[in-house]
Amino acid sequence: MRHGLIVSCALSVTLTVLLSCTDTLSIDSQQAGDAAADKLTAQEGKDLAPEPASKIVSLNKSKNSDAESNNKIALGEKFMAVTANKHATDAAYAILAEGGTAIDAAVAAQAVLGLVEPQSSGLGGGGFILYWDAKSQTLASYDGRETAPAAADENLFFNPDSETPNGFFEAVIGGKSVGVPGIVRVLDKIHGRHGLAPWSSLFDNAIGLSKNGFAVSQRLNRLITYVPKINERAEMAGYLFDQAGKPLAIGHILKNPAYAKTLEDLAEQGADIFYTGALADKMIAASNNDKNPGQLSRQDFAQYQAKQRPAVCSEVFSYKVCGMGPPSSGGSTVLAILGILDSLEANSSFNKANYSGLENEVSIAHQFIEASRLAFADRNTYIADPDFVDVPIQALLDAAYLSSRAQLIDPNRVMDSVQAGKLPIKNANHFLVQSSPELMSTTHVSIVDRYGNALSMTSSIETAFGSRLMVDGFILNNQLTDFSFTPYLEDKTRIANRVEGGKRPRSSMSPMIVFDQSDQPVLIIGSPGGKKIIGYVARVLYELLAFDRSVAESIESPHLFHMGSRLELEDSSSEQLREALIALGHKPSIKAQTSGLHAIYKQDGKWLGIADPRREGTALGR
């Protein structure tokens, strides 16, 4: 039954090689990867997915006794943490065990992730956080997204004389793509409101690990080996390659004393030093003095604000599902997909008891794909930074509107074309689509503490290893490439997600929290994956909420999703599914998928933590 939209409620509220890379793949040298990457056009660069799959293990312990599988599922009565790396999960667990809150644990986990998973997130990036405060029974969402320098304009990645956008690597590498990092400020803001442990105590684990070193994992080694142009800047090359110029070997003990010193200063002096002190000056200098220079200023850093924004929530399949609003497109697009499917379900004769997963239900898979196409058409057209664009969130998630979108789906064949819906809003012609190379390297953290507080945090530095610039032990983002490279269409109409000074680029990060009919959190979930995040999260939510499928079973199952431009099926999907979808008119591409879904689910009064088997994440609780 549909219950309609709730927006912020009463809540305070490739390289082609890299895409298909497997454990058996080998490339002779970093130079080989660079040579192939240099041939990428800007369009081809959008398909770059520098996230090779880790060893995939079964989440079913009875099927796999490997220790790697056993730390991907955990059950706890009091608290639970799920992160992308064992060191980070252990750091979060230690804080929770000492009585810390979910935000205390998140600060500790993020500090460690910036060390052990430097390709994905860190102090030099940004993120979005949903935080459920159990005491006040309120949900808040926080925007720690990076901002463009005030001096930047719509031609940052565009030559107005030739009317051509920059090439992919011309934009990505160096200072030009660096935005003002937001993760430190947003964590500080939430900790000030919801933290119990002293800020200064939250970095001890990361500081010790930085000084003593950690073993380079298979995943980190593979990323250093295969991601193009890692050695484009001397400091990063010196950090990630040995004296012979080879990627650091698996098991190499990697120390980062510069990062330890940065964390010590941050712990002792607080977040302000990141935005007004010598550290800010170093980040500005690294960006602006680079051979591909940026335009950052002291004022850009001093004026940066982490913003509390209204969460976007809808009731679907009798649950209240909440996500992050703009400038993230994740929450609204996931909710639109679910809302369209909920409308279809009201008229469906399908017996839910017979459901065995999208990979085995062609008719249901077809509906999911078509709903995704419709939602992405709206996402691509209307979503941008709400401080610069009047984003029509309520109209996009209105129950009647989504029902009308659902009626466009033909159960027997693929829709010939999909257009954004026409919404009764002012200046609608300014909301025009232009894609941007929003890529894969991101991380997600899900945490529940002993007090019942819950945190869902997705953070990123954009592409793997970001801008390739390092400052005092951490990597600077290249998030400005999430803006549209082209500022206008042929008729000169400006694009919503174009670059503007002080603006935040559109994102697909989708931290989500699901509430039961008593308004209590029952699922905390999110994933890395660029634009694919939306499909990853939406599929698992759909299977859980509509069909009561096991969360672990759904996460482990093959992905299928449509991002508006193409349909992708995970390479483990069946030939029967592929052929059946082709018979309906779909044109699927088959690719390895490297989601990093991290979920915490309320099961029989306990918390079940689940880390995606495709990456090296772990779950730990008590």
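The values are calculated or read from the model by the stated rules, or taken from the named source; none is laboratory data. Given the structure is predicted, the values throughout are model-derived calculations rather than measurements. As a convention, Cβ positions derive from the backbone with ideal geometry for all residues, glycine included, and neighbour counts pool all protein chains shown.
Worth pointing out:
- Inside the stretch 357-398, residues that are β-branched (Val, Ile, Thr) and more than 30 Å from THR147 (Cβ to Cβ) make up a count of 3.
Conditions tested, residue by residue: (1) crowded, with 24+ Cβ neighbours inside 10 Å; (2) in a helix (DSSP H, G or I); (3) touching a strand residue (DSSP E or B) at 6+ places or on another chain (Cβ under 8 Å).
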| site | (1), (2), (3) |
| --- | --- |
| LEU96 | yes, yes, yes |
| GLY100 | yes, no, no |
| ASP104 | yes, yes, no |
| ALA109 | yes, yes, yes |
| LEU115 | yes, yes, yes |
| SER120 | yes, no, yes |
| ILE129 | yes, no, yes |
| SER136 | no, no, no |
| LEU139 | yes, no, yes |
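- Considering the stretch 344-401, the residues that are among the basic types (Lys, Arg) and surrounded by 17 or more Cβ atoms within 10 Å (Cβ to Cβ) include one that is farthest from the chain's Cα centre (by Cα), namely ARG373.
- Scanning the stretch 529-546 for residues that are modelled with pLDDT of 95 or more and under 30 Å from GLN119 (Cβ atoms) yields ILE533, ILE534, GLY535, TYR536, VAL537, ALA538, ARG539, VAL540, LEU541, TYR542, GLU543, LEU544.
- Residue match in the stretch 141-149 (condition: surrounded by fewer than 24 Cβ atoms within 10 Å (Cβ to Cβ) and of a type in the set (Lys, Arg)): no
For (1) in contact with a strand residue (DSSP E or B) (Cβ under 8 Å, 6 or more places away or on another chain); (2) among the polar types (S, T, N, Q); (3) at pLDDT below 95, each residue gets a yes or a no:
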residue	(1), (2), (3)
GLY339	yes, no, no
TYR355	no, no, yes
ALA365	yes, no, no
VAL389	no, no, yes
TYR401	no, no, no
VAL414	no, no, no
GLN434	yes, yes, yes
THR442	yes, yes, yes
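- Selection of the stretch 176-211 for residues being under 13 Å from ASP272 (Cα atoms) and under 23 Å from the mean Cα position of the chain (by Cα) yields PRO181, GLY182, ILE183, VAL184, ARG185, VAL186, LEU187, ASP188, LYS189.
- Residues satisfying the stated conditions in the stretch 272-302, i.e. under 24 Å from PRO386 (Cβ atoms) and either among the charged types (D, E, K, R) or within 25 Å of the chain's Cα centre (by Cα) (or both): TYR275, LEU296, ASP300, PHE301
- Candidates are the residues of the stretch 369-387 that are assigned to a helix (DSSP H, G or I) and among the small types (Gly, Ala, Ser); the one that is modelled with the lowest pLDDT is ALA377.
- Taking the stretch 504-622 as the region of interest, the helices (runs of 4 or more DSSP H) fully inside it that hold 2 or more residues being surrounded by 24 or more Cβ atoms within 10 Å (Cβ to Cβ) and either among the acidic types (Asp, Glu) or out of contact with any Phe, Trp or Tyr (no Cβ under 7 Å at 6 or more places or on another chain) (or both) are 532-547.
- Flag for THR101 being closer than 15 Å to GLY195 by Cα and not aliphatic (A, V, I, L, M): yes
- Restricting the stretch 279-319 to residues that are assigned to a strand (DSSP E or B) and either touching a Lys or Arg at 6+ places or on another chain (Cβ under 7 Å) or β-branched (Val, Ile, Thr) (or both), the residue that is nearest to ASP472 (Cα to Cα) is VAL312.
- Some residue of the stretch 513-522 being touching a Cys at 6+ places or on another chain (Cβ under 9 Å) and among the small types (Gly, Ala, Ser): no
- Residue ID - farthest from SER456 (Cα to Cα), chosen from residues in the stretch 472-494 that are in contact with a Pro (Cβ under 6 Å, 6 or more places away or on another chain) and of a type in the set (A, V, I, L, M, F, W, C): PHE485
- All told, ALA538 meets the bar of being among the small types (Gly, Ala, Ser) and either under 24 Å from SER332 (Cα atoms) or in contact with a strand residue (DSSP E or B) (Cβ under 8 Å, 6 or more places away or on another chain) (or both).
- Some residue of the stretch 260-272 being in contact with a strand residue (DSSP E or B) (Cβ under 9 Å, 6 or more places away or on another chain), in a loop (DSSP other than H, G, I, E, B), surrounded by fewer than 19 Cβ atoms within 10 Å (Cβ to Cβ) and modelled with pLDDT of 95 or more: no
- Here is the figure for the stretch 458-480: residues that are outside any loop (DSSP other than H, G, I, E, B) and either basic (Lys, Arg) or in contact with a Phe, Trp or Tyr (Cβ under 7 Å, 6 or more places away or on another chain) (or both) total 4.
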